[in-house]
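To keep things clear, I will list the structure first and then write my remarks on it.
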Amino acid sequence: MAYRVAVCVKPVPDPNYYGHVGIDPVKKTITRAGVPNIFNPADKNALEAALRLREPGSGYAAAISMSPPEGAEILREALAMGADEAYLLCDRAFAGADTLATSYALCQGLRKIESEKGLPFDFIFCGAESADGATAQVSSQLGEWFGYPQLWNVFSLEERGGVFMLKTKLENGCMEWEAKPPMVLGVARELNKPRFISAMGVVKSRKKPLVTWGRSDLPGADDGYLGLAGSPTKAGDIFTPDIRREGRRLSGSPDEIVAGMLSVIRASGAAAGV
Ligand SMILES: Cc1cc2nc3c(=O)[nH]c(=O)nc-3n(C[C@H](O)[C@H](O)[C@H](O)COP(=O)(O)OP(=O)(O)OC[C@H]3O[C@@H](n4cnc5c(N)ncnc54)[C@H](O)[C@@H]3O)c2cc1C
């Protein structure tokens, strides 16, 4: 059976440029000027899962992102990987969103796609968490907005005659579930191995639709739930911890070095009884 699947894709800062990410001491916001984005890693696993559920020609896979205009590059990558269409929610009205306002905007965008296509999604996929915010809240919140069953940290997904057998990771084990669509899933990176993007995929992606929607394209949305105004959580203070480290080189035989280390630890009071 071919399914209609949506995938939420978040552009996150390239870890190679973490040294350039700063904190605005006045506005208490993260500054990312000049920092390139990459595809949030777990979202590639989410897209891979979506593409496996969509049969070519009969199913449908859409990627959606809420981000500044640069997010379009990541959506182009999603199209090259195999998504059929991509949607960018981009407007100052969406800026400053906490997780709840982010999930609300994504829900509004997904609802609009459903109404334009005349059919609901069977699956809405997210990564289990983003590589930057990493709150792991957005997929569960989407489940609540839609009123669908939702599972988080999914690392196994198998179809048996229209019923899905799923496994979710816990801290000390795992749980097995049986579910029928529609559902919202936050997937772990262990779920699958995302496919490589082929040159043909890049060529084909140029003809696929990448649609940008602003606030006026979501007329049914409530401003009270969007952006900064719709965010019940506010960052109080944000700072870099002042961690000072002192290096000391110990020399001598291995026994002398160990004795020296022990005396340094005892003198610091860090380990009573050592
Ligand atoms: C108190 C607070 C204040 C904040 N203020 C700001 C602010 O002023 N400006 C700012 O830019 N950010 C701000 N953020 C960060 C912003 O809320 C998060 O980027 C966003 O809500 C997603 O949270 P997350 O990254 O923790 O998602 P997670 O829940 O960890 O992500 C799980 C999955 O949800 C999906 N997802 C998450 N975000 C998106 C998205 N935008 N588009 C598509 N899919 C997505 C992806 O599939 C992702 O893998 C703030 C966060 C908090 C908690």
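The numbers here are math on the coordinates, done by the rules we state, and not lab data. Remember, predicted model here, so these are calculated numbers, not experimental data. Cβ atoms come from the backbone with ideal geometry, glycine included; neighbour counts cover every protein chain shown.
Computed values, structure above
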quantity: Close Lys-Lys pairs in the chain, where close means Cα under 18 Å and separation is 8 or more or interchain; calculated: 8
quantity: Total charge dipole magnitude, the chain, about the Cα centre, Cβ charges on Lys, Arg, Asp, Glu only, Debye to nearest 20; calculated: 480 debye
quantity: Axial C-alpha extent at least 20 Å, average Kyte-Doolittle at least 0.0 - helices from the chain (DSSP); calculated: 254-268
quantity: Compactness of the stretch 63-217 as Cα Rg over 2.2 N^0.38 Å, two decimals; calculated: 1.07
quantity: Viscosity 0.692 mPa s, temperature 37 °C, Stokes-Einstein D of the chain from Kirkwood C-alpha radius, µm²/s; calculated: 157 µm²/s
quantity: Cβ-based charge dipole, the chain, positive-most Cα from G127, V264, S253; calculated: S253
